[in-house]
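The values are calculated or read from the model by the stated rules, or taken from the named source; none is laboratory data. No experiment lies behind these values; they were computed from the predicted model shown. All Cβ positions, even for glycine, are placed from backbone atoms using ideal geometry, and neighbour counts span all protein chains on display. With ligands, DNA and RNA removed, areas are computed over all heavy atoms of the protein, side chains included. Shrake-Rupley method; radii C 1.70, N 1.55, O 1.52, S 1.80 Å.
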Amino acid sequence: MRINQLIIYRDFEDAGLLRDMVWLAENYRDEFYNREDLQGLFFDCMHRMLEMAGRYGFYGNLWHCYLANLLVNHENSYSCAAEIAGEPEGSVNAAALHDIRIFRELYDYDFGEVAESLGVQDFDLILSYQVGARDSRVYNTRIRDRICALAERFGRDHTAEQMKDTLTEFYREYGVGRFGLHKAFRVEREEGRARICPILNIAHVRLDDLVGYEIAKKKLVDNTEAFVAGRKANNCLLYGDAGTGKSSCIKAIANEYYDRGLRIIEVYKHQFQDLNDVIAQIKNRNYKFIIYMDDLSFEEFEIEYKYLKAVIEGGLEKKPANVLIYATSNRRHLIRETFKDKADRDEELHTNDTVQEKLSLVARFGVTVYFGSPDQKQFLQIVSALAARSGIDMPEEELWRRAGQWELSHGGRSGRTAQQFIDYLLGTEEKDKG
């Protein structure tokens, strides 16, 4: 068991279980060690694999799932070169094959013999683990199933070369590590620097789910389509009335283009000083990244927008071609403006400079998309479409009458208000049935 001879697949984040299982395989026959201690360590390894299954939702051969999970999460010179683009050229292929041969040995090793020798019962639980709902607290269901399927596929590969080809195809199709296995991220500060962390549950909204705003959606889609295709694209500002679907459009974009290598990183206003650090971590990856800023606006006394201006355009370092910024706001110009900016000449001689300073931020967004509140006809069309999609069987006249009453007391006409009204009807129906 030659894990100390690995070249590029080293320093795994979760390597403790690997080291203990290898140590058991190498020493379970050694009479120097107490048999009860060896047995206890084996049971502890089984416990950790079962805990892993509960955390990740893995099923089948848990030892194989563990090894597959190590490989798909390890970001190294080979895996990062293979993501999206496929097998890289050069000597790194030989280094990768050397390491995969070692993993092939780990994969083929019969730990059943170790369990039998140590008198460990029920090891078969690990080899064919079954779960109920198969929930995962780490991956979405699709990714979890892909890793389990990869573990099974490795079992059908008879050589290290075949195993390497299978792994490379996984990297090419799904990517590697956190950026490959997740579609959306947030930024957290850890030990003095920005850390990009996966968002595990993102709403599965699609652009077709958003009723209306076809012109606005097309403008956003055209820009995003150009970006993921490697063509020139612009930073994008979605502005307009509250509840009109701006944030939902961004979520839908994340879902629509995930399979083509698009990833979304959500950044809040107080984190703008970390933007350079975030960009440094993603600029050399083979993915396209949208840095997403929701509900962006600034009061007069807030100066965080200056960090954003420098990052978007104007700093010495050129913004990477694989990064765009998408923002949503209720304000067209993002920064609160007052008549004082234009009229009060007692405090500042060059008042036009103040105005231009504030307007220069929005000018850095090459595409602006307006989302306005729907008129009554459009609002009722949205209600009807949502009701039909939800299976609500109600005469149209009654539906519209009740929708009109609802919007009068719930913040006015908007897509959000329409959805809340439909959710209310669905909740009422479920209560009546109960």
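Listed values, structure above:
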{"read-out": "Residues located in the range 8-60, provided they are charged (D, E, K, R) and touching a Lys or Arg at 6+ places or on another chain (Cβ under 7 Å)", "value": "55"}
{"read-out": "Hits in the range 186-204 - residues which are within 14 Å of the chain's Cα centre (by Cα), open to solvent by less than 50 Å² (accessible area, probe 1.4 Å) and either farther than 15 Å from residue 73 by Cβ or not hydrophobic (A, V, I, L, M, F, W, C) (or both)", "value": "187, 198, 199, 202"}
{"read-out": "Index of the failed condition, residue 183 passing every other in (1) charged (D, E, K, R); (2) touching a strand residue (DSSP E or B) at 6+ places or on another chain (Cβ under 9 Å); (3) open to solvent by 40 Å² or more (accessible area, probe 1.4 Å)", "value": "(3)"}
{"read-out": "Scan of the range 140-180 for residues that are modelled with pLDDT of 90 or more and β-branched (Val, Ile, Thr), ordered by number", "value": "147, 159, 166, 168, 176"}
{"read-out": "Count - residues of the range 102-120 that are buried (at least 16 other Cβ atoms within 10 Å of the Cβ) and out of contact with any Lys or Arg (no Cβ under 8 Å at 6 or more places or on another chain)", "value": "8"}
{"read-out": "Matching residues in the range 398-426 - criterion: being over 17 Å from residue 374 (Cα atoms), surrounded by fewer than 18 Cβ atoms within 10 Å (Cβ to Cβ) and of a type in the set (A, V, I, L, M)", "value": "426"}
{"read-out": "Residue selected from the range 374-397 under the condition among the β-branched types (Val, Ile, Thr) and not in a loop (DSSP other than H, G, I, E, B), by the criterion surrounded by the most Cβ atoms within 10 Å (Cβ to Cβ)", "value": "383"}
{"read-out": "Within the range 85-115, tally of residues that are under 20 Å from residue 66 (Cβ atoms) and assigned to a loop (DSSP other than H, G, I, E, B)", "value": "2"}
{"read-out": "Extreme residue, nearest to residue 46 (Cα to Cα), among residues of the range 128-143 that are in contact (Cβ under 8 Å) with a residue 12 or more places away in the chain and open to solvent by 70 Å² or more (accessible area, probe 1.4 Å)", "value": "128"}
{"read-out": "Long-range neighbours under 9 Å by Cβ, at least six apart or interchain, first residue in a helix (DSSP H, G or I) within the range 46-59, second of a type in the set (Asp, Glu)", "value": "46/122; 48/20; 52/14; 54/135"}
{"read-out": "Candidates 87, 75, 31, filtered to the one that is open to solvent by 60 Å² or more (accessible area, probe 1.4 Å) and more than 29 Å from the chain's Cα centre (by Cα)", "value": "31"}
{"read-out": "Yes/no for residue 428 being β-branched (Val, Ile, Thr), at pLDDT below 85 and assigned to a helix (DSSP H, G or I)", "value": "yes"}
{"read-out": "Residues satisfying the stated conditions in the range 1-51, i.e. of a type in the set (Gly, Ala, Ser) and touching a helix residue (DSSP H, G or I) at 6+ places or on another chain (Cβ under 7 Å)", "value": "25"}
{"read-out": "Qualifying residue in the range 249-261 (condition: of a type outside the set (Ser, Thr, Tyr), open to solvent by 20 Å² or more (accessible area, probe 1.4 Å) and not in a helix (DSSP H, G or I))", "value": "no"}
{"read-out": "Per-region count, the range 340-372, residues modelled with pLDDT of 85 or more and among the polar types (S, T, N, Q)", "value": "1"}
{"read-out": "Tally of residues being modelled with pLDDT under 90 and either surrounded by fewer than 19 Cβ atoms within 10 Å (Cβ to Cβ) or among the aliphatic types (A, V, I, L, M) (or both) across the range 284-293", "value": "2"}
